[in-house]
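Trainee: Below are the structure tokens for one structure; questions will follow.
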Amino acid sequence: MSTPEVITLRHASGAEARIVAGFGFNCFSWSVPVSGRRIEALWQHPEFAGGQQRPSGSGIPLLFPFPGRIASGRFEWAGRAYKLPENDNRGNAIHGFVHERPWRVIEQSETRVIGEFQASRDAPEIAELWPADFRIRARVELAAATLRLDFTCDNPDSKPLPCGFGTHPYYRVPLGGARGDDCVVRLPVRSRWELMELLPTGQRLEVADGAALRAGRPYGDLRFDDAFTDLEFDGGWMTASITDPDSGTRLTTRASTGFRECVVYTPPHREAICIEPLTCVPGAILLQPQGIDAGLRVLAPGESFSVAMELAIEAVPPT
């Protein structure tokens, strides 16, 4: 397997972003000069850019046409049974098809790159694994201290397309400081989906410590692999943040209203936190037929939807 090409975006401010189009169009590095030092905001395995590491384990993996797990990789749609590869080490299908495959670059400049993936064109071998052809386009745009990601998902087929989209960003903890456990994480969540073996049951529960999470809790107190909902939006955006009191750096991540769920995951290596906006509940294609509003979108032929994320780094007074 050849090493995928790395695309580097550069801004006059010194900010840089790196994207590996040949491995899921993953923006796996974003670094910004802050108060005389360079802050790398995204966690990645040192060998990730070579295309040999777990595709969902670094940077910002893109999850489509389904985010999260589908139990046993089995579902039915329009009277037909589907069986997906079991690839989560628990006997389930996970995270769709696009995060581990090469994308096409369709536009590129010094500070922006646009990539596209269409199943029938870029991976015809998966045509029988999903009810319809699908296409996703992603734009990554770099500014002085911000990174903007825009996504459009559409149905190029003549059949309805059931789908959901999510991102799986790994944010570094700490952000240039000495202790990750001291970083303060703010999550704008009020409810969560009940999970059994990491699979949603369809029941929604109140988050017992929701007020504390919305105010901000130390990363050292957090152990998560949870799916949250009933998110707080302000001006059309859901906003979460990570503040490193030692380095005086804050990372703010915003997701547009099309994202209605958010998985939060603290990896075992404890060097990152994943704050993952999703347009639907993991396993939505199993829950929706049960009459549960799981957020599954069914796109008519030619129909599309768009969502966006914005990341920002800023200096805050150290404590």
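The values are calculated or read from the model by the stated rules, or taken from the named source; none is laboratory data. Note that this is a predicted model, so its numbers are computed, not measured. Glycine gets a Cβ as well: all are built from the backbone with ideal geometry, and neighbour counts include every protein chain shown. Heavy atoms of the whole protein, side chains included, go into the accessibility calculation; ligands, DNA and RNA do not. Shrake-Rupley method; radii C 1.70, N 1.55, O 1.52, S 1.80 Å.
Trainee: Under 8 Å for C-alpha pairs, at least 6 residues apart: give me the relative contact order for region 161-257, rounded to a whole percent. Write out the running numbers ahead of the final one.
Mentor: On the way: 175 pairs, mean separation 32.8, N = 97.
Across region 161-257, relative contact order equals 34 percent.
Trainee: Using a 1.4 Å probe and ignoring any ligands, DNA or RNA, find the accessible area of Glu303 and quote it in Å² to the nearest 10.
Mentor: Counting only protein heavy atoms, Glu303 exposes about 80 Å² to solvent.
Trainee: Using protein chains only and a probe of 1.4 angstrom, how many square angstrom of Ile242 are accessible, to the nearest 10?
Mentor: Ile242 exposes around 0 Å² with every protein chain in place.
Trainee: Here's a follow-up. Can you work out the PRE-style zone for Ala300? Point 7 Å along Cα to Cβ, and I want the residues of region 131-145 with backbone N under 16 Å.
Mentor: No residues fall inside that zone.
Trainee: Between the alpha-carbon centers of region 253-319 and region 176-221, tell me the distance in whole angstrom.
Mentor: 14
Trainee: Kindly sort Asp244, Asp150 by accessible area of their heavy atoms, largest first, with the probe set to 1.4 Å.
Mentor: Asp150, Asp244
Trainee: Debye sum, Cα scatterers, region 201-285, no solvent: what log₁₀ I/I(0) at q = 0.13, 0.17 1/Å?
Mentor: For the requested q values the scattering log ratios are -0.45, -0.79.
Trainee: Give me the base-10 log of I(q)/I(0) for the chain at each q in 0.07, 0.08 Å⁻¹, Debye formula, one uniform scatterer per Cα, rounded to two decimals.
Mentor: Here the Debye-derived log intensity ratios amount to -0.26, -0.34.
Trainee: Counting only C-alpha contacts under 8 Å and six or more residues apart, can you give the relative contact order of the chain as a whole percent?
Mentor: 18
Trainee: With a cut-off of 8 Å between alpha carbons and a minimum separation of six or more residues, what is the relative contact order of region 88-139 in percent? Please report the intermediate quantities before stating the final value.
Mentor: Numbers: 52 pairs, mean separation 14.6, N = 52.
Relative contact order, region 88-139: 28 percent.
Trainee: Here is a further query. Using only protein heavy atoms and a 1.4 Å probe, report how much of Asp293 is accessible, in Å² to the nearest 10.
Mentor: So the heavy atoms of Asp293 present about 100 Å² to solvent.
Trainee: Another question about this same structure. Leaving out ligands, DNA and RNA, and with a 1.4 Å probe, what % of the accessible surface on the chain is carbon or sulfur? Spell out each step's value before the answer.
Mentor: Values: 5910 of 13030 Å².
Heavy-atom surface of the chain belonging to carbon and sulfur, 1.4 Å probe: 45 percent.
Trainee: Next question. Please list, in order along region 248-261, the HN-Hα scalar couplings obtained from phi with the Karplus expression 6.51 cos²θ - 1.76 cosθ + 1.60 (θ = phi - 60°), rounded to whole Hz, x for Gly and Pro.
Mentor: Values per residue, Gly and Pro as x: x, 10, 10, 9, 10, 10, 10, 10, 6, 5, x, 8, 10, 10 Hz.
Trainee: Can you give the extra length, in nm with one decimal, that the chain gains between Thr152 and Glu314 once fully stretched, where that is 0.36 nm per residue apart less the Cα-Cα distance?
Mentor: Once the chain is fully extended between Thr152 and Glu314, it gains 55.5 nm.
Trainee: Starting from the Cα-Cα distance between Arg74 and Ser109, subtract it from 0.36 nm times their residue separation and give me the gain in nm to one decimal.
Mentor: 8.5 nm is the gain from fully extending Arg74 to Ser109.
Trainee: OK, next. Starting from the Cα-Cα distance between Glu86 and Asp293, subtract it from 0.36 nm times their residue separation and give me the gain in nm to one decimal.
Mentor: Here the answer is 72.0 nm.
Trainee: Say each of Arg10 and Leu205 gets a label point 7 Å from the Cα, pointing the same way as Cα to Cβ; how far apart are those two points in nm?
Mentor: If labels sit at Arg10 and Leu205, their model points lie 5.1 nm apart.
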